[in-house]
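The structure appears right after this line, and notes come after that.
The values are calculated or read from the model by the stated rules, or taken from the named source; none is laboratory data. Everything numeric here is computed off the predicted structure, so don't read it as measured data. Using ideal geometry, Cβ is built from the backbone for each residue, glycine included, and neighbour counts are taken over all protein chains shown. Protein only, heavy atoms only, side chains kept; ligands, DNA and RNA dropped before computing areas. Shrake-Rupley method; radii C 1.70, N 1.55, O 1.52, S 1.80 Å.
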Amino acid sequence: MDKLDIKLWKLAARGQIVPKRSLLKTPRQIEAIKKSAALNTAVLDHVASHIREGMSTAEIDRLVYDFTTEHGGIPAPLNYEGFPKSVCTSLNNVICHGIPSEYEILQEGDILNVDVSTILNGYYSDASRMFTIGEISPEAARLVRVTQECVDLGLKAAKPWGHLGDIAYAINSHAKKHGYSVVEDIGGHGIGLDFHEEPFVSYVTPKGSEMVLVPGMMFTIEPMVNEGSPDFFIDEDDDWTVYTIDDGLSAQVEYMVLVTDTGVEVLTK
Ligand code: MF3
Ligand code: CO
């Protein structure tokens, strides 16, 4: 046992949830994962520079597939548990896991989440952004702005030896303050050596709860913020698309972070 093992063991003995040592990335792994994250960011930038009114979400899928593979990467969603495309595109009342389609054409007023995940040399990265098409309603603009603020506040609340619940509390209270709700049963995840690692990251848990944040941990901060009810249903035909139960708008911003000795470092910026 080294010093860190003893510290983790003592925390566990006091009833704290601590990460397994295998969840703490080594400097070499961090370096490799950062390269994957840099490609993932470049893919999102590529989408940002091509997205426009009149384009189908299937065209976004092709942009992602072509750019990723031309740069030596593999889109992580493609064939992941049967997911049929290279990227998730979630439009308006779709909360997440929307499947790109030739029939889904971007129109003025739309808000769209594009969720890009990349495998580079076996290392995984994951991030998403909101895009707005033309002029959008003040209500939609407020939801997108507040969702970004939620994530920024979550980042600020993340401190080494603090808890995942501190991030959740910062996010959920800001969303609630604006009359919004945060989706409960779908959340973030550890990432790096695999697409979805431990821990599950909730954005509705109390301050001081859940796993202790230990330097070397990597996970996503990706709250889904709904205008109305936090409840959802999954499309029965495709088994993926997650819709708001009340047809209200939903927004999401996702960053992938590394816990450091001072806070968290965003790897997908
Ligand atoms: N990027 C999504 C996440 O945060 C990926 C969902 S799995 C997929 O977990 F197959 F839909 F891509
Ligand atoms: Co994710």
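Work out, step by step, the length gained on full extension between GLU70 and SER137: first 0.36 nm times the residue separation, then minus their alpha carbon distance; give nm to one decimal.
20.4 nm
Which FRET efficiency, nearest 0.05, do GLU198 and LYS7 yield, Cβ-Cβ r, R0 22 Å?
With R0 = 22 Å, the Cβ-Cβ based efficiency is 0.70.
In terms of modelled amide H atoms, which long-range or inter-chain residues lie less than 5 Å from the amide H of THR118?
Here the answer is ALA76, SER125, ASP126, since their amide H atoms fall under 5 Å of that of THR118.
Which whole-Hz ³J(HN,Hα) couplings does the stretch 125-137 yield from phi under the Karplus relation 6.51 cos²θ - 1.76 cosθ + 1.60, θ = phi - 60°, glycine and proline marked x?
For the stretch 125-137, the Karplus curve yields 9, 7, 7, 9, 9, 9, 10, 10, 9, x, 7, 10, 5 Hz.
Of CYS150, SER101, GLY73, which is farthest along the charge dipole of the chain in the positive direction, counting Lys and Arg as +1 and Asp and Glu as -1 at C-beta?
Checking the options against the dipole of the chain, the answer is CYS150.
Using the Cβ atoms and a cut-off under 9 Å, what net charge is assigned to the surroundings of ASP126, where Lys and Arg are +1 and Asp and Glu are -1?
Result for the neighbourhood of ASP126: -3.
Could you state, as a whole-number percent, how many of the C-alpha pairs of the chain are farther apart than 23 Å?
Beyond 23 Å sits 51 percent of the P(r) for the chain.
Could you give the dipole magnitude of the stretch 173-269 about its Cα centre, charging the beta-carbon of Lys and Arg +1 and that of Asp and Glu -1, in debye to the nearest 20?
Magnitude of the dipole: close to 800 debye.
Assigning unit charges at the beta carbon (Lys, Arg +1; Asp, Glu -1) and nothing else, what dipole magnitude in debye, to the nearest 20, does the chain show about its Cα centre?
It works out to roughly 1840 debye.
For TRP240, TRP161, what's the largest-to-smallest order of accessible area, 1.4 Å probe?
TRP161, TRP240
Label ARG28 and ASP237 with points 7 Å out from Cα along Cα→Cβ: what is the distance between them in nm?
4.9 nm
Taking the Kirkwood radius as the inverse of the mean 1/r across Cα pairs, report the Rg/Rh of the stretch 44-174.
Expressed as Rg/Rh, it is 1.01.
Build a GNM of the chain with springs between Cα atoms under 10 Å: which of SER209, SER117, SER90 gets the top mean-square fluctuation?
SER209
Which length gain, in nm to one decimal place, applies between ASP152 and ARG52 when the Cα-Cα distance is subtracted from 0.36 nm times their residue separation?
Contour length minus the Cα-Cα distance gives 33.4 nm.
Under a GNM of the chain (C-alpha, springs under 10 Å), which listed residue has the highest mean-square fluctuation: GLN148, GLN29, GLN252?
Checking each option, the largest mean-square fluctuation is seen for GLN29.
Pick from GLU222, GLU102, GLU236 the residue whose mean-square fluctuation is largest in a GNM of the chain, springs joining Cα atoms under 10 Å.
GLU236
Would you compute, from DSSP H runs of 4+ residues alone, the mean residue ellipticity of the chain at 222 nm, taking -39500 (n - 2.57) per run and dividing by the full residue count, rounded to the nearest 500?
-10500 deg cm²/dmol
Within a Cβ distance under 10 Å of ASP231, other residues only, what is the Lys/Arg minus Asp/Glu net charge?
Once positives and negatives cancel, what remains is -3.
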